[in-house]
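Okay, structure first, notes after.
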Amino acid sequence: MDGTLRILAINGSYRDDGITDQAVEAAVQAAQASGAEVEIVLLREHPIEFCLNCRQCTQQPGDAPGKCVHHDGMQALVDKIEQADAYIIASPTNFGAVTAIFKRFMERLVVYAYWPWDKSTPQFRKSNAPQKKAVLISSCAAPGILGRWLYGTHAQLKTTAQTIGAKSVGTLFTGSIAKEPHLRVSQRVREKASALAVKLV
Ligand SMILES: Cc1cc2nc3c(=O)[nH]c(=O)nc-3n(C[C@H](O)[C@H](O)[C@H](O)COP(=O)(O)O)c2cc1C
């Protein structure tokens, strides 16, 4: 390791170059310009099965994520999460929540819980680990400020960050953007995304 900050961007949008992709891209460019190394994971291109709720991955104690019974792309993604120093976590808001592909990814993060069958609640493996930083990004048709407080998306992105051992240092909820199919995000949104990314570095 050479001291370069490694940022992992996890994006749950379905669309190439949609609003969420553009906001994430602005954040990524700013982080790279500040010297960070950034990898983007587009969940729409990542093979992840649904969680089976079997809880095999939750039975062993310890700080390290448990092993899932599926042999798909999730283990490689968990390895990337473990190796990263900070995160950009993004999903559009659909029906008041993160997208289904983001939720599918989120449920597979149960590997971050120690939850033996005799315990009624899980204990999160990273709850006592030194906190990494995360910025949270969403987009919605409603005005951004309303979207942030009205919908479940923000809480879900925050829970995702906490589960993997990160603390949110800022949120961008870009709204009022669903009136054209190929809208370009405004300079103001790009600047906000850039300012957020710099908080990670
Ligand atoms: C199935 C679906 C559900 C949506 N639900 C909401 C919603 O509940 N609230 C909202 O403000 N916008 C909603 N939207 C609008 C999207 O959040 C918005 O267009 C977003 O920018 C899409 O992200 P993308 O450009 O990255 O694809 C919905 C759009 C779709 C297609």
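Coordinate-derived values only; no laboratory data. For clarity, every value in this text was computed on a predicted model and none was experimentally measured. Using ideal geometry, Cβ is built from the backbone for each residue, glycine included, and neighbour counts are taken over all protein chains shown.
Which residues in the range 151-169 have a backbone N closer than 15 Å to a point placed 7 Å from the Cα of GLN131 along the Cα-to-Cβ line? Residues passing the 15 Å test: 158-169. Extension gain, ILE145-THR159: 0.36 nm per intervening residue step, less the Cα-Cα distance, totals 3.1 nm.
Each label was represented as a point 7 Å from its Cα along the Cα-to-Cβ direction; for THR4 and LYS119 these points are 3.8 nm apart. Does the range 50-109 come out rounded, prolate or oblate by the C-alpha gyration tensor, with a ≥ b ≥ c the root eigenvalues, rounded set by a/c under 1.5 and, if not, prolate when a/b is larger than b/c and oblate if not? Taking the square roots of the gyration eigenvalues as a ≥ b ≥ c, the range 50-109 is oblate. Of the residues SER186, SER139, SER91, the one that moves most in a GNM of the chain with alpha-carbon contacts below 10 Å is SER186.
Springs between Cα atoms under 10 Å define the GNM used for the chain, and in it the highest mean-square fluctuation of GLY62, GLY170, GLY12 occurs at GLY62.
Given a cut-off of under 8 Å on Cα pairs at least six residues apart, what relative contact order in percent is computed for the chain? Please list the in-between numbers first.
Numbers: 395 pairs, mean separation 56.2, N = 201.
Worked out over the chain, it gives 28 percent.
Dipole check for the range 62-137: with +1 at the C-beta of Lys and Arg, -1 at the C-beta of Asp and Glu, and the Cα centre as origin, the magnitude is about 120 Debye.
Overall, the chain carries a charge dipole of about 660 debye about its Cα centre when +1 sits on the Cβ of Lys and Arg and -1 on the Cβ of Asp and Glu, all other atoms neutral.
Considering only PRO116, GLN32, HIS46, the residue lying farthest towards the positive end of the dipole of the chain is PRO116, judged by Cα position with unit charges set on Cβ. The base-10 log of I(q)/I(0) for the chain, evaluated at q = 0.08, 0.11, 0.13, 0.19 Å⁻¹, reads -0.26, -0.49, -0.68, -1.36 [Debye formula, identical scatterers on Cα atoms, solvent excluded]. The modelled label-to-label distance for the pair ASP79/SER176, using points 7 Å beyond Cα in the direction of Cβ, is 4.6 nm.
If Lys and Arg each add +1 and Asp and Glu each add -1, what is the summed charge of the other residues whose beta carbon sits under 12 Å from the beta carbon of SER138? Walk me through the numbers on the way to the answer.
Values: positive: ARG148, LYS158; negative: none.
Combined, the nearby Lys, Arg, Asp and Glu give +2.
Largest GNM mean-square fluctuation among GLN187, GLN75, GLN32, using the chain with Cα springs under 10 Å: GLN187.
Hey, which of these cross-link pairs are over 23 Å Cα-Cα: LYS80/LYS158; LYS103/LYS133; LYS67/LYS199; LYS158/LYS192; LYS103/LYS132?
Details: LYS80/LYS158 19 Å; LYS103/LYS133 21 Å; LYS67/LYS199 32 Å; LYS158/LYS192 18 Å; LYS103/LYS132 21 Å.
The answer is LYS67/LYS199.
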